[in-house]
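**Q** This is the structure I have questions about; it appears just below.
Each value in this text was obtained by applying a stated rule to the coordinates, not by laboratory testing. As the structure is a prediction and not an experimental result, all values here were calculated from the model. Here the Cβ positions follow ideal geometry from the backbone for every residue, glycine too, while neighbour counts run over all protein chains shown.
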Amino acid sequence: MTSIDVRNLTKEYGTRRAVDDLTFRVLPGRVTGFLGPNGAGKSTTMRLALGLDRPTSGTATIGGRPYATLDEPLRHVGALLDAQAAHGSRTGRDHLRALAASNRIPGRRVEEVLAETGLAPAARRRVKTYSLGMRQRLGIAAALLGDPEVILFDEPSNGLDPEGIIWIRRLLRRLAGEGRTVLVSSHLMNETASFADHLVVLGRGRLLADTPMRDFIDARVQPRVRIRTPDAPALEGLLTRHGLDAERHEEGHWTVHHARVDDIGRLASDAGLPLLELAAEEGTLEQAYLDLTATETEFTALPQEARR
């Protein structure tokens, strides 16, 4: 089994500890979202896993081996950390050809990944003429070049247009469905919620959570029910009698906190209360993430009224 294993990983830069005794495992067959505020240590951890920096202590291995010991590493691990890494004077095709030659990857794979990432029409253009989204696609093409078992992406949606965001979402799901190990760092909560099965969350270099995404949300955001009726006084009385925490909105609906649809629907049915709307308001990844990391953010902007 090809997994990413981080064990007691610590990285210090002078007196600053960027990664603090971090331990987690990224398993194949699912997309693991890698979350945390700016400065939480996500990019540093990825760099350590890829041998681009040395840990102060602890280990980060891929398939049980340090990245630096892998022969022809592009065949085992594909990574995108910096979309600006390609030489601007090379064409997109030549950039990929150089990578392929250095890892004994057949030339036909260059054409395959150019087509897969939508860059075939721009393959002869110099990279310096590429937009940010095109450079991002080129970085993804380079990561896929060796058909690797392990994928690490840092902000893969950066610079992509809406079509590109949908494409990367489907790509990540497909790679995981093929049994690959996929780790994706992102600041976009709604986007992460669309593709991640599992979450690893950091704060100030420490592990805050390592759990399935749905469990992460349910543990931090209480269930709520949205309800609307033509008989608001009767609904208010019903909710009060049962001691339910409810909030009425100007738009005409109510939010019942710490409640589930089945329970509220049963109460309304028993009371003969006509309903125009009854729906669960699912907790979001963004709500759960902000709840967990509220005290772990290194850089926080003050609200305008607090600056006056």
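**Q** Counting other beta carbons within 10 Å of each residue's own, what order do 128, 42 fall into, fewest first?
**A** Going from least to most buried by this count: 128, 42.
**Q** How big is the charge dipole of the range 12-82 about its Cα centre, in debye rounded to the nearest 20, if each Lys and Arg gets +1 on its Cβ and each Asp and Glu gets -1 on its Cβ?
**A** The calculation lands at about 160 debye.
**Q** Before rounding to the nearest 500, sum -39500 (n - 2.57) across all DSSP H runs of length at least 4 in the chain and divide by the residue total; then give [θ] at 222 nm in deg cm²/dmol.
**A** Result for the chain: -9500 deg cm²/dmol, rounded to the nearest 500.
**Q** Enumerate the whole-percent occupancy of each 20 Å bin, from 0 to the last occupied one, for all C-alpha pair distances of the chain.
**A** 28, 46, 22, 4
**Q** Can you put 250, 236 in order of Cβ neighbours within 10 angstrom, beginning with the fewest?
**A** Neighbour counts put them in this order, fewest first: 250, 236.
**Q** Check which residues have an amide H placed less than 5 Å from residue 158's amide H, if you skip close sequence neighbours.
**A** Those qualifying (amide H under 5 Å, at least 5 residues apart or on another chain) number zero.
**Q** Under a 10 Å cutoff between Cα atoms, tell me which one of 38, 190, 158 has the largest fluctuation in the Gaussian network model of the chain.
**A** Greatest mean-square fluctuation among the candidates belongs to 190.
**Q** For the range 48-124, what does the relative contact order come out to in percent, with C-alpha contacts under 8 Å and a separation of six or more?
**A** Contact order relative to length: 22 percent.
**Q** If you don't mind, another one. Where Lys and Arg each count +1 and Asp and Glu each count -1, what net charge lies around residue 242 among other residues with Cβ under 12 Å from its Cβ? The partial results should precede the final answer.
**A** Working: positive: 241, 266; negative: 236, 245, 263, 270.
That sum, taken over residues with Cβ under 12 Å, equals -2.
**Q** Ordered by residue, what ³J(HN,Hα) values in Hz, to whole numbers, does the range 160-166 give under the Karplus form 6.51 cos²θ - 1.76 cosθ + 1.60, where θ = phi - 60° and Gly and Pro are x?
**A** 7, 7, x, 5, x, 5, 5
**Q** What does the net charge come to around residue 5 if you take all other residues with beta carbon closer than 15 Å to its beta carbon, with K and R at +1 and D and E at -1?
**A** Counting the neighbours of residue 5, the net charge comes to 0.
**Q** Relative contact order for the chain: what is it in percent, counting Cα pairs under 8 Å that are at least 6 residues apart?
**A** Worked out over the chain, it gives 21 percent.
**Q** Then there is this: Using only the Cα atoms of the range 96-159, build the gyration tensor, take square roots of its eigenvalues as a ≥ b ≥ c, and label the shape rounded, prolate or oblate: rounded if a/c is under 1.5, else prolate if a/b is larger than b/c, else oblate.
**A** oblate
**Q** In debye, nearest 20: dipole of the chain around its Cα centre with unit charges on the Cβ of K, R (+) and D, E (-)?
**A** 1640
**Q** In addition: With θ taken as phi - 60° and the coefficients 6.51, -1.76 and 1.60, list the Karplus ³J(HN,Hα) couplings across the range 263-277 in order, rounded to whole Hz; mark glycine and proline as x.
**A** The phi angles translate into 5, 5, x, 5, 5, 5, 5, 5, 8, x, 8, x, 10, 9, 7 Hz.
**Q** Continuing with this model, one more query. Report the Cα centroid-to-centroid distance between the range 49-104 and the range 226-262 in angstrom, as an integer.
**A** 55
**Q** Treat the range 224-282 as a sphere of radius equal to its Kirkwood radius over Cα pairs and apply Stokes-Einstein at 20 °C in a medium of 1.002 mPa s; give the translational diffusion coefficient in µm²/s, rounded to a whole number.
**A** Once the numbers are plugged in, D ends up at 193 µm²/s.
**Q** Right, here's the next one. In whole angstrom, and with the biggest value first, how far do the Cα coordinates of the range 1-116 range along each principal axis?
**A** 44, 34, 25
**Q** Long-range amide H contacts for residue 181: which residues qualify at under 5 Å (H placed 1.01 Å from N, peptide plane, sequence gap of 5 or more or a different chain)?
**A** 29, 150, 151
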